[in-house]
Structure formats: C-alpha cells, structure tokens
Amino acid sequence: MFSESSALGQPVRVRPVTWPVITWHLISLALGLLAYGIYMADGANYPIAAIEFYTNAGWISAALLVLLIAVSLLLMYIQARRATRSQIEEVLAGATMHH
C-alpha cells in the first residue's frame with residue numbers, strides 16, 4: 001500500500017513538513033546570521049586580536065552555516081517528496097478499495 005515501511009515491514013504514513021518546523025528553521029537561520037550582523041555592525045570597535053580571530057574563524061563558521069542550511073533544506077525537500085508519495089498512495093489505495 002505505502003512505499004515507506006518500518007523496520008517490521010509495516011506501512012508508514014509519512015507526514016508533510018509542518019509550518020512550525022519551517023518557522024523554527026527560519027528562526028535558526030536568522031539567529032545564525034545575527035552573529036555576523038553584530039560583528040559587521042560593531043566589529044571595528046573590537047580589539048585587533050579579536051578582529052583577527054573573528055576574521056579567520058568567520059570563513060569556517062560561515063561555510064558550516066551554509067552547509068547546515070543546505071542540508072536542512074535538502075532534508076525538508078526529501079520529507080515533502082516522501083509525504084506527497086505517501087498521500088498519493090493513500091488516495092490510490094482508497095480508490096481501489098471502492099471498486
């Protein structure tokens with residue numbers, strides 16, 4: 001009936017990504033970017049050693065942030081596709097039961 005199955009072979013109904021999950025992903029994105037905004041706005045007032053540290057660590061942290069955002073978007077896309085397939089199969093299974 002469903003293409004997804006549990007470890008026991010039972011069909012699993014995959015649910016779509018909910019709006020609260022999407023909202024929290026956007027909030028985490030904003031909080032991740034907030035640190036860069038604060039540094040850009042006030043970084044000139046930091047001591048030289050701190051500026052050098054943030055400049056060196058900033059590239060690495062920015063790359064990790066972009067990677068985490070990309071992985072998050074990919075996983076939400078995969079979840080949405082699985083949920084769509086699950087819903088289609090549920091409708092088709094219901095349609096074949098009525099015939």
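Points to keep in mind about this one:
Residue by residue, here is whether (1) more than 15 Å from the chain's Cα centre (by Cα); (2) modelled with pLDDT under 90 holds:
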| residue | (1), (2) |
| --- | --- |
| Glu4 | yes, yes |
| Leu34 | yes, no |
| Ala41 | yes, no |
| Ile48 | yes, no |
| Glu52 | yes, no |
| Thr55 | yes, yes |
| Val66 | no, no |
| Arg81 | no, no |
| Ile88 | yes, yes |
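- Restricting the first member to region 57-69 and to residues that are of a type outside the set (Asp, Glu), and the second to residues that are surrounded by 13 or more Cβ atoms within 10 Å (Cβ to Cβ), the beta-carbon pairs closer than 6 Å and six or more apart or on different chains are Leu65/Gly32.
- Contacts under 6 angstrom Cβ, first residue in region 12-41 being closer than 16 Å to Tyr77 by Cβ, partner open to solvent by 70 Å² or more (accessible area, probe 1.4 Å), 6 or more apart: Val14/Arg82
The values are calculated or read from the model by the stated rules, or taken from the named source; none is laboratory data. Just so you know, these numbers come straight off a predicted model, no measurement behind them. Neighbour counts run over all protein chains shown; Cβ positions are idealised from the backbone, glycine included. For accessibility, only protein heavy atoms count, side chains too; no ligands or nucleic acids. Shrake-Rupley method; radii C 1.70, N 1.55, O 1.52, S 1.80 Å.
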